[in-house]
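> My structure is below; once you've seen it, I'll send some questions.
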Amino acid sequence: MSLTTTTAILMTIMLCSSWAVVEGQIIRTADVTVTNLLYRHHYLTMHCKSKDDDLGVRVLPKRGSWSWHFVPNFWGTTLFFCAFKWDTSNGLHWFDIYVQKRDQDRCSDCRWIVTQRGPCWYNATSGGYTVCYPFNNNLARLG
Ligand SMILES: *[C@@H]1O[C@H](CO)[C@@H](O)[C@H](O)[C@H]1NC(C)=O
């Protein structure tokens, strides 16, 4: 293949925006979507961060969603963690919403619902939010 053809193919791949070149490697980018599925009419307040990015505080109305797009790192250590609260939550509930080692092979469009019991991951194979986790109320993160 000529260099122009290769470049054109690469450009096309990147325009589809699910791939990126990091340190000379082509890697798959990722989206995380969080949907408020708290029971009754609660607002979900969330604040997500990684080591490098603070995504700010978001308030999702019932059934409201919010997404972000990012490039997981070359070393496989990308981590986004979120603090969640709602009017009856009694403080903050934490969850590691994107753990590259856990998630990169199972989703690039990673979708979650958040309920009072914890977040559930959307399994595209089974077609449901069937993989649920408890919150990890990790006090170390507060420091
Ligand atoms: C997703 O669903 C498929 C089909 O039911 C199942 O085989 C797979 O183990 C599920 N993945 C996870 C992470 O639970």
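> What pairs come out if I take residues in segment 125-136 that are without any contact (Cβ under 8 Å) to a residue 40 or more places away in the chain and open to solvent by less than 50 Å² (accessible area, probe 1.4 Å) and pair them with residues that are near the ligand (Cβ under 8 Å from one of its atoms) and not in a loop (DSSP other than H, G, I, E, B) whose C-beta lies under 6 Å away, six or more apart or interchain?
Between residues of segment 125-136 that are without any contact (Cβ under 8 Å) to a residue 40 or more places away in the chain and open to solvent by less than 50 Å² (accessible area, probe 1.4 Å) and residues that are near the ligand (Cβ under 8 Å from one of its atoms) and not in a loop (DSSP other than H, G, I, E, B), the close pairs are 131/121; 131/123.
> Those residues that are open to solvent by 60 Å² or more (accessible area, probe 1.4 Å) and over 15 Å from residue 97 (Cα atoms), I need them from segment 33-51; list them, please.
Selection gives 39, 40, 41, 43.
> Might you let me know whether segment 123-139 holds any residue that is modelled with pLDDT of 95 or more, within 13 Å of the ligand (Cβ to nearest atom), touching a helix residue (DSSP H, G or I) at 6+ places or on another chain (Cβ under 8 Å) and over 19 Å from residue 26 (Cα atoms)?
Among the residues of segment 123-139, not one is modelled with pLDDT of 95 or more, within 13 Å of the ligand (Cβ to nearest atom), touching a helix residue (DSSP H, G or I) at 6+ places or on another chain (Cβ under 8 Å) and over 19 Å from residue 26 (Cα atoms), which makes the answer no.
> Turning to a different aspect of this structure: In segment 84-116, what residues are touching a Phe, Trp or Tyr at 6+ places or on another chain (Cβ under 6 Å) and more than 22 Å from residue 45 (Cα to Cα)?
Across segment 84-116, there are no qualifying residues.
> Right, next: Taking residue 110 and the conditions (1) out of contact with any helix residue (DSSP H, G or I) (no Cβ under 8 Å at 6 or more places or on another chain); (2) closer than 30 Å to residue 24 by Cβ; (3) within 16 Å of the ligand (Cβ to nearest atom), which numbered condition does it fall short on, given that it satisfies the others?
Result: residue 110 fails condition (1) only.
> Considering (1) touching a residue at least 12 places away in the same chain (Cβ under 8 Å); (2) open to solvent by 70 Å² or more (accessible area, probe 1.4 Å), say which one residue 54 fails and leave the rest.
(1)
> Being more than 17 Å from residue 29 (Cβ to Cβ), out of contact with any Leu (no Cβ under 8 Å at 6 or more places or on another chain) and either more than 15 Å from the ligand (Cβ to nearest atom) or open to solvent by less than 40 Å² (accessible area, probe 1.4 Å) (or both): is that true of residue 94 here?
yes
> Give me the strands (runs of 3 or more DSSP E) completely within segment 1-100, filtered to those with at least 2 residues that are under 15 Å from the mean Cα position of the chain (by Cα) and not charged (D, E, K, R), ordered by residue number.
The strands (runs of 3 or more DSSP E) meeting that bar are 30-36, 44-49, 54-60, 65-70, 79-85, 93-99.
> For segment 101-114, which positions are buried (at least 16 other Cβ atoms within 10 Å of the Cβ) and part of a strand (DSSP E or B)?
110, 111, 112, 113, 114 - these are the residues of segment 101-114 that are buried (at least 16 other Cβ atoms within 10 Å of the Cβ) and part of a strand (DSSP E or B).
> For segment 19-36, how many residues meet the condition of being in contact with a Phe, Trp or Tyr (Cβ under 8 Å, 6 or more places away or on another chain), touching a residue at least 40 places away in the same chain (Cβ under 8 Å) and among the hydrophobic types (A, V, I, L, M, F, W, C)?
So the answer is 5.
The values are calculated or read from the model by the stated rules, or taken from the named source; none is laboratory data. Nothing here was measured: the structure is a model prediction, and the numbers come from that model. No Cβ is skipped: glycine too gets one built from the backbone with ideal geometry, and neighbour counts run over all protein chains shown. Protein only, heavy atoms only, side chains kept; ligands, DNA and RNA dropped before computing areas. Shrake-Rupley method; radii C 1.70, N 1.55, O 1.52, S 1.80 Å.
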